[in-house]
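Asks: Can you read through this structure? Questions will come right after.
The values are calculated or read from the model by the stated rules, or taken from the named source; none is laboratory data. No experiment lies behind these values; they were computed from the predicted model shown. Heads up, the Cβs are rebuilt from the backbone with ideal geometry, glycines too, and the neighbour counts pull from every protein chain shown. Keep in mind that these areas ignore ligands, DNA and RNA; they rest on the heavy atoms of the full protein, side chains included. Shrake-Rupley method; radii C 1.70, N 1.55, O 1.52, S 1.80 Å.
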Amino acid sequence: MTLANGRQIIAIPGPSVMPERVLQAMHRPAPNIYAGALVDMTHSIVPDLLTVAGSSSHVAMYIANGHGAWEAALSNTLSRGDKVLVLATGRFAHGWADMAGFMGVDCEIIDFGKRAPIDLNRVEDHLRADTGHTYKAVLTVQVDTSTSVKSDIAGVRAALDAAGHPAMLFCDCIACLGCDEFLMDAWGVDVMVAGCQKGLMTPPGMSFVFFNDKADRARDTAGNLSHYWDWRPRMKPELFYQFFDGTAPTHHLYGLREALDMIVHEEGLAAVYARHEKLAHAIWAAFETWGQAGPVELNVENPAHRSHAVTSVRIGAPHGTALRDWVEQKAGITLGIGLGMAEPGDPAWHGFFRVGHMGHVNAHMVLGTLTSIEAALTALGVEFAPGGAAAAAKVVSQA
Ligand SMILES: *Cc1c(COP(=O)(O)O)cnc(C)c1O
């Protein structure tokens, strides 16, 4: 039998659960794009996005997914033949580097593996050794969604400053903006990219490049700049229809406006972060308890290096795929595949899964997900220590 009929939950690391309010805000006829409510409303999105990013500078909006924001960031700042340093803690930094390579940028990658954050001492040494200051930028990913490793981005800025290196600091916050705290100005980040479909709770289709004046000066000499990605005209989004090379993403803007109301003006960013943190602790408590016997193991050992938005789990093949299938078919919950931990086709690929807990997620969703995972472990005969769901409930009880 199946017990999946009822409200299905998606617990993958993006797209995340869309609030009904966001969906309802999008359910309307096409608006006038030249004047009136849409234009006024779009204007109001900018300060709220900057608040979420901890930035007092600029944001450009694109009708694109996160990959589009990656390319926009590179296009506005770099030229063919420029060199950048990429700090990889999972698959996404490699993806960004691949894109930069395609644009003729020379990428030097330091790979910290799949279970550890950026090693700041190693980065500082590496930057000091670049006495000719050949790197124009350092590319980082705050939370790599494949590994769920979170790195210390302020620490990368400190390493740049300690080495006296003038490179710009780029950060991909696509996985975790609005979930794990990020302070663009305070941490000295020059360019940050994000999408709308993870912590910002809006259907996939918009992405953002945040940039400061230093990065904007690089735009003046960027040989890779193309008209569509140019961030300058996009600094005035109320003029979408004039400058955006086409029609505004009308319905996404209404959805995003609603989501930002919920995050910035109702719950408040501090409370949003605290909720994500508490729920992440509940998830970790469950997996740590189960893992006291048998193969279940959190991918990231040190809690300080774990994201509050996504959790990567190691369970050994074939249990990862079997568990995902079980909870989907029996309990109505879709978990994330293990990404980048083993090659597709390798039997080991089936030994991982991920839990997305970003955005519109509350205690009962997390507790339901965890209890369903415990049921799956039991049903599949995977060895585990009992008490994981109770350990999570205890964390929630201390809210
Ligand atoms: C999701 C994600 C991306 C890619 O975003 P798309 O919208 O799928 O293009 C890039 N980087 C990180 C860290 C992500 O989590």
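Asks: Test of understanding: in a Gaussian network model of the chain with alpha carbons linked when under 10 Å, which of Thr131, Thr369, Thr289 would top the mean-square fluctuation ranking?
Replies: Thr131
Asks: How big is the accessible area of Ile45 in square angstrom, nearest 10, if you roll a 1.4 angstrom probe over the protein chains?
Replies: That residue has around 0 Å² of solvent-accessible surface.
Asks: Provide, as a two-decimal number, the C-alpha radius of gyration of the chain over 2.2 N^0.38 Å, N being how many residues it has.
Replies: Taking N as the residue count of the chain, the ratio is 0.99.
Asks: What number, in nm² with one decimal, is the all-direction average of the projected area of the convex hull of the alpha-carbon atoms of segment 31-265?
Replies: Result: 11.5 nm².
Asks: Per 0.36 nm of contour for each residue apart, how much would the distance between Asn121 and Asp98 grow if the chain were fully extended, relative to their Cα-Cα spacing?
Replies: Additional length available on full extension: 5.8 nm.
Asks: A follow-up question, please. So what does Val17 come to for accessible area, using a 1.4 Å probe and Å² rounded to 10?
Replies: 30
Asks: Here is a further query. Is it possible to state the helix-based mean residue ellipticity at 222 nm for the chain, with each DSSP H run of 4+ residues giving -39500 (n - 2.57), the sum divided by total residues, to the nearest 500 deg cm²/dmol? What is it?
Replies: -11000 deg cm²/dmol
Asks: Now for a separate question. Pairing the Cα long axis of helix 37-53 with the longest principal axis of the chain, what angle in degrees results, from 0 to 90 and rounded to the nearest 10?
Replies: 70
Asks: Between Asp185 and Lys394, what's the calculated FRET efficiency when r is the beta-carbon distance and R0 is 41 Å? Round to 0.05.
Replies: 0.65
Asks: What distance in nm separates the two pseudo spin-label positions at Arg219 and Met41, each 7 Å out from Cα along the beta-carbon direction?
Replies: For Arg219 paired with Met41, the spin-label model returns 2.6 nm.
Asks: Report the charge-dipole magnitude of segment 31-265 in Debye, nearest 20, computed about the Cα centre from +1 at each Lys and Arg Cβ and -1 at each Asp and Glu Cβ.
Replies: With only Lys, Arg, Asp and Glu charged at Cβ, the dipole is about 220 debye.
Asks: Once the dipole of the chain is set up with Lys and Arg at +1 and Asp and Glu at -1 on Cβ about the Cα centre, which of Leu160, Thr77, Ile373 lies farthest towards its positive end?
Replies: Of the listed residues, the answer is Ile373.
Asks: If you take the beta carbon distance between Ser56 and Gln292 as r and set R0 to 51 Å, what does 1/(1 + (r/R0)^6) give as a FRET efficiency, to the nearest 0.05?
Replies: 0.65
Asks: If you don't mind, there's one more thing I want to ask. Once the dipole of the chain is set up with Lys and Arg at +1 and Asp and Glu at -1 on Cβ about the Cα centre, which of Gly199, Val17, Met103 lies farthest towards its positive end?
Replies: Checked the options; the winner is Val17.
Asks: Separate question: Note the full-extension length gain between Ile110 and Asp130 as 0.36 nm times their separation in residues minus their Cα-Cα distance, in nm to one decimal.
Replies: 5.8 nm
Asks: Follow-up question, since we're still on this one. Quick one: accessible surface of Arg219, probe radius 1.4 Å, all protein chains present, in square angstrom to the nearest 10.
Replies: Here the accessible area works out near 40 Å².
Asks: Something else about it: What size of dipole, in debye to the nearest 20, comes out for the chain about its Cα centre when the only charges are +1 on Lys and Arg C-beta atoms and -1 on Asp and Glu C-beta atoms?
Replies: Once rounded to the nearest 20, the dipole reads 500 debye.
Asks: Computed over the Cα atoms, what is the radius of gyration of segment 1-111 divided by 2.2 N^0.38 Å, N being its residue count?
Replies: 1.49
Asks: Using the heavy atoms of the protein chains alone and a 1.4 angstrom probe, what is the accessible area of segment 143-189 per residue in square angstrom?
Replies: 21
Asks: On full extension of the chain, what length is gained from Leu380 through Asn362, given 0.36 nm per residue of separation minus the C-alpha to C-alpha distance?
Replies: Result for the pair: 3.8 nm of gain on full extension.
Asks: Once phi is turned into θ = phi - 60°, what whole-Hz ³J(HN,Hα) does the Karplus curve with 6.51, -1.76 and 1.60 give for every residue of segment 92-104, x standing for Gly and Pro?
Replies: Calculated HN-Hα couplings, in order: 6, 4, 5, x, 5, 5, 4, 5, 4, x, 5, 8, x Hz.
Asks: Do you know the relative contact order of the chain, to the nearest whole percent, from alpha carbon pairs under 8 angstrom that are 6+ apart?
Replies: Across the chain, relative contact order equals 24 percent.
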